[in-house]
Amino acid sequence: MSRLAKLRKLTRDDWTILARAVVLVWKAALLLRIHPFQSVLTAFQPEKMALQKRPAGRPARRDAASLYRLVDVAARYTMPGSNCLKKALAASALMRAHRIPAQVVLGTSGARKRFQAHAWVEADGLSWGRESAAACEPLPAFP
């Protein structure tokens, strides 16, 4: 299916979430450039992220897979070269805004010839964004 056909299939709610994902990815990128990591984590905490009010008849929450997919699309097409940390921060904030408990996890791998680090999101008992670095061992999780 072409990209245009996929875009046409998005619902109004998907477009709203996609727009919010774009803002969150860019917010993560900007904050990571000018603030220490702990300050960035604080800025993405649930109490700092306003929960959306939902009109009657709409589902109270989306599944983590569809939210992560929209963040991935937002990062891929609006910020070329975006990294796993920006996506993980944006995805965890978006998931929590949809009442899905999520946390950013950082991991490292030294098994290869060089040191490697990766960030992903854990939500609903699953990992989102970890596929590209399955060999990474998680460090203590961040809320």
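The values are calculated or read from the model by the stated rules, or taken from the named source; none is laboratory data. On a predicted model such as this, the values are computed, not experimentally measured, just so you know. So basically every Cβ, Gly included, is an ideal-geometry build from the backbone, and we count neighbours across all protein chains shown. Keep in mind that these areas ignore ligands, DNA and RNA; they rest on the heavy atoms of the full protein, side chains included. Shrake-Rupley method; radii C 1.70, N 1.55, O 1.52, S 1.80 Å.
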Original post:
How about segment 78-103: which of its residues are of a type in the set (S, T, N, Q), part of a helix (DSSP H, G or I) and more than 10 Å from the chain's Cα centre (by Cα)?
Top reply: Thr78
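Within segment 125-140, which residues are in contact with a strand residue (DSSP E or B) (Cβ under 8 Å, 6 or more places away or on another chain) and at pLDDT below 85?
Result: Trp128, Gly129, Arg130, Ser132, Ala133, Ala135, Cys136, Glu137, Pro138, Leu139.
Out of the residues in segment 14-55 that are charged (D, E, K, R) and modelled with pLDDT of 90 or more, state the one that is farthest from Arg96 (Cα to Cα). Steps first, answer last, please.
Taking segment 14-55 as the starting set, the residues that turn out to be charged (D, E, K, R) are 14, 20, 27, 33, 47-48, 53-54.
Pick out the ones that are also modelled with pLDDT of 90 or more and you get 20, 27, 33.
Details: Arg20: 13, Lys27: 16, Arg33: 23 Å.
In this case the residue turns out to be Arg33.
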**OP:** Sort out which residues of segment 73-115 are open to solvent by 30 Å² or more (accessible area, probe 1.4 Å) and aliphatic (A, V, I, L, M), and write them in order of number.
**Re:** Val73, Leu85, Leu106, Ala111
Original post:
Before we move on, is Ala65 modelled with pLDDT of 85 or more and part of a helix (DSSP H, G or I)?
Top reply: yes
